[in-house]
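Input: a single structure, listed below in structure tokens.
Here, each number is a calculation from the coordinates, and none is a lab measurement. Given the structure is predicted, the values throughout are model-derived calculations rather than measurements. Note that each Cβ is placed from the backbone with ideal geometry, even for glycine, and that neighbours are counted across all protein chains shown.
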Amino acid sequence: MKVFLHVCCGPCTIYPLQVLREKGAEVTGHFYNPNIHPFKEFKRRLNTLQEYAKDIKLPLVLDTNYGLTDFIRKVAFHEAERCNICYLMRLEKTVILAKENGFDSFSTTLLYSKFQRHPYLITLCDKLSQKYEIPFFYRDFREGWQFGIDESKELEMYRQPYCGCIYSEQERYDKSLRKK
């Protein structure tokens, strides 16, 4: 089974990749994250992923273009729905590439984070699976949350302190704006 795995960063890749490989999957990672801000953060996450992927022999398809302008244009005046817009941007591109390149299925490391909108992600991936006629490999990777944290610390990986977008950065550091 060839799985095309959308990856948001190195640390969040650890557990999902382990699970998929244990299931016998041949995994290729796809880094496409136009939401990440600022540029230095984008580069740091990309570099950390590339170093990790090299160490564990994970093939990667990388979109190294800094896509913040496109992301901001899509979410401006729709900030309350920014996560859903962001998920669609990233996952639809992943699904299209998975289909075009003959993968058997797709998944995402976003299913690893306890901070992501898990039920929405499942619904979105199911819809994309139907639209593009490629199976969605679902697994609740959140069960390995602590394992991934511990492993990334042991590997001395850069661990980002917020989701990635300018809005999550502000919520992370401006206590008056944090989500309840």
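Screening the chain for whole DSSP H helices with an alpha carbon extent of at least 24 angstrom along the helix axis and a mean Kyte-Doolittle hydropathy of at least 0.0 yields 82-100.
P(r) tail for the stretch 108-180: Cα pairs beyond 19 Å make up 52% of the total.
Charge tally for G67 (other residues, Cβ to Cβ under 11 Å; Lys, Arg +1; Asp, Glu -1): +2. Determine which aspartates and glutamates satisfy two conditions relative to K40: a Cα distance under 14 Å, and not lying fewer than 8 residues away in the same chain. Cα-Cα hits under 14 Å: E169. Size of the chain from its Cα atoms: along the principal axes, largest to smallest, the extents are 45, 40, 30 Å. Of all lysines in the structure, those lying under 23 Å Cα to Cα from K99, and not within fewer than 8 positions of it along the same chain, are K2, K23, K57, K127, K131.
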